[in-house]
1. Is it fair to say LEU119 is part of a helix (DSSP H, G or I), of a type outside the set (Ser, Thr, Tyr) and in contact (Cβ under 8 Å) with a residue 60 or more places away in the chain?
2. Any residue that is surrounded by fewer than 18 Cβ atoms within 10 Å (Cβ to Cβ) and modelled with pLDDT of 90 or more - is there at least one of those in the stretch 68-78?
3. Just one of (1) touching a helix residue (DSSP H, G or I) at 6+ places or on another chain (Cβ under 9 Å); (2) part of a loop (DSSP other than H, G, I, E, B); (3) free of Cβ contacts under 8 Å to residues at least 40 places away in the same chain trips up ASP313, so point out which.
4. Is it the case that ALA357 is under 17 Å from MET396 (Cβ atoms) and out of contact with any Cys (no Cβ under 7 Å at 6 or more places or on another chain)?
5. Can you report the number of residues in the stretch 363-386 which are surrounded by 13 or more Cβ atoms within 10 Å (Cβ to Cβ) and part of a loop (DSSP other than H, G, I, E, B)?
6. Please count how many residues of the stretch 77-116 are of a type in the set (Gly, Ala, Ser) and outside any helix (DSSP H, G or I).
7. Scan the stretch 41-51 and give yes if some residue there is surrounded by fewer than 22 Cβ atoms within 10 Å (Cβ to Cβ) and either touching a strand residue (DSSP E or B) at 6+ places or on another chain (Cβ under 8 Å) or at pLDDT 85 or above (or both), otherwise no.
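The values are calculated or read from the model by the stated rules, or taken from the named source; none is laboratory data. Everything numeric in this text was worked out from a predicted model, so none of it was measured. Every residue, glycine among them, receives a Cβ derived from its backbone with ideal geometry; neighbour counts consider all protein chains shown.
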Amino acid sequence: MAICAVRGGCPSDYVAVSVAILSVILLLVKAGVPYIIHKIPRPKGSGFWLVAMQIVASFNLLLSVVMALGFLRFRRKHWWSSCYIWAVWVEGPLGFGLLLSCRIVQAFQLYNLFVKRRLPPVRSCIFLSLVLFPWIVGSAIIQITQPLNHRCHMKTYWIIPVISVHALYIAALVGFTGAIQHIEFRFHELKDLWRGILVSACCIGVWVVAYTLNEIYEDNALVQIISRSVLLIMTSFLLMAFFSMSISQPLASLLSSMKNEQQDYTMMGNALGIPDSGLLVQQESTQSINPNDPLDKLLADRRFRQSFVEFADSCLAGESVHFYEELLQLDKIPVDDHVRRIYMARHIIDTYITPGATMEVNISHRCRQEILSTPDLAHLDLFKNALIELIQLMKMNLANDYWSSTFFIKLKEEEMVKTADYEQEQSSWNSSQRLSSVHCADDPFHQEHSPCKLSSSSQELELQ
C-alpha cells in the first residue's frame, strides 16, 4: 500500500480517473448538443469563447489533479512532469482560476445588463484578464519561492493562503450573483448559476478537507490514497454542477431544454413569447402598392415587406430589412417589461450592431457607438437613429432596383388576382342578398318548387 500511495496506480486511483474522464465527456456532450442536434449557428464574441474557455479550464483542472497527485505510475524525470507546471500553473491560472474567472465575468455581464440596464463598461476579455491577474501573480510567487517537494506537496503554512484565494473567488461570484437575485429572468440564467454555486460550495467543502488531509498527512499511505481519490471525484462533480447552461445564449439554452416539446424557436421573438413572432403579418391589407408612397409606409404592409425582403436577400443585402422586422418585434413588448426588452435589445445588438456580427448593418460609426455605449438598453428610442439611416440607405439602393425587379412584378400579379377574387366575392355576396329579397309574386323564374307555389298548394289541400 505504501508503494501504491507514493507511485500511484491504486484501484481507487483508476476509479477516480474513470469518473474524471466520464465527466469530461459529459461536459463536451452538454456543450455541443444545442449546436449539433438543433443546428444553432455558433455564436460570436463572449457568448462562445467564455463557454469554450470554461470547458478548457475544466479539462485542465482535472488533468492537473491527476498529474500533480500521482494517480498514474510515472517518474518525474522530464520538464513536462514538473510539479510547478501541473500543481501551480495548470491547476491555478489555467484551471480553477480560469473557470471561476469566466463565471465571474458572466455574472458581471448579468449585473450590468439587468441591474444597470446597460452593456458592460469593460470588454469581457479585458475584465477576464483583470480577474485572472491575481492567480498569475500568486503562481509566479510560488514558482519563485519553490515551496513544493518532489511529491508536489506544499509546506503547511502555504495551505491557508492557497485555500483563501479559492474561497475569495467563490465569494466574489456569490456577491455578483446576489446583486441580481431580485431580477425575474425570462430564461434560467440565475437559477442555473445559483444551482451551480450551491452544489459547488458543497463539493468545494469536501474538496478543501481532502486537499488539506492530503497535504498534511503526507506520510500516511491510507490517507493519501483515500484523500486524493475523493479530491478527484469531488472535482469531477464540481465541474458537472458548475458548468451549467450558457447564460450568454439563452436561446440555445431554451432550445436544448425544450427538445421534447416540439416547439419552433427559430427567432428570439419566439423564445420571448412575443405575439405573432416570426410572422411577417398582423393583418391582411387590400390596398394596392403605390411606388410613390414613402418606403417606411410601404414596409408596414405585410405583402410588400415579404416581397421586399425576398428581393433584398437575393441581392445578399437583406440585413437592413431583417433589422426592421426585429424592431417590429421589439415594439410589441410592453414598455414596462424591461427584462424582455433587454433580451431583445441585446439580441439585436449582437446580431446587427456589434462589429463583425453575423448580419452587421451598414450604419455610421457615431450611431453604432451611441447604441454600444447606451446607458439604458430598454430605452424606447435606442435604435431610432439606426433605423432612420437604414431607411434612407434602402431608399437610395434597394428600393430603386426593386421596382424594376421580377419580385415587384410578381407582387403586382398576386395583387391583381387577389383584387379580382375580392371583387368576385363581393359581387356574389350582393347577388345572393338580392335573390333573398325577391318576393314570390315577383319571381321571374316561376320555379316549380318555389316557396310561393308550395304555400298555395298547401292551402288548396286544406280547403279540400
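1. On the way: part of a helix (DSSP H, G or I): no; of a type outside the set (Ser, Thr, Tyr): yes; in contact (Cβ under 8 Å) with a residue 60 or more places away in the chain: yes.
Here the answer is no, as LEU119 does not meet what is asked.
2. No, because not a single residue in the stretch 68-78 is surrounded by fewer than 18 Cβ atoms within 10 Å (Cβ to Cβ) and modelled with pLDDT of 90 or more.
3. Evaluating ASP313 over (1) touching a helix residue (DSSP H, G or I) at 6+ places or on another chain (Cβ under 9 Å); (2) part of a loop (DSSP other than H, G, I, E, B); (3) free of Cβ contacts under 8 Å to residues at least 40 places away in the same chain leaves (2) as the failure.
4. No; evaluated as a whole, the condition is false for this residue.
5. 8
6. 1
7. no
Every residue, every condition in (1) surrounded by 18 or more Cβ atoms within 10 Å (Cβ to Cβ); (2) at positive phi; (3) touching a helix residue (DSSP H, G or I) at 6+ places or on another chain (Cβ under 9 Å), yes or no:
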site: GLU91; (1), (2), (3): yes, no, yes
site: LEU100; (1), (2), (3): yes, no, yes
site: ILE144; (1), (2), (3): no, no, no
site: THR156; (1), (2), (3): no, no, yes
site: ILE160; (1), (2), (3): no, no, no
site: ILE163; (1), (2), (3): no, no, yes
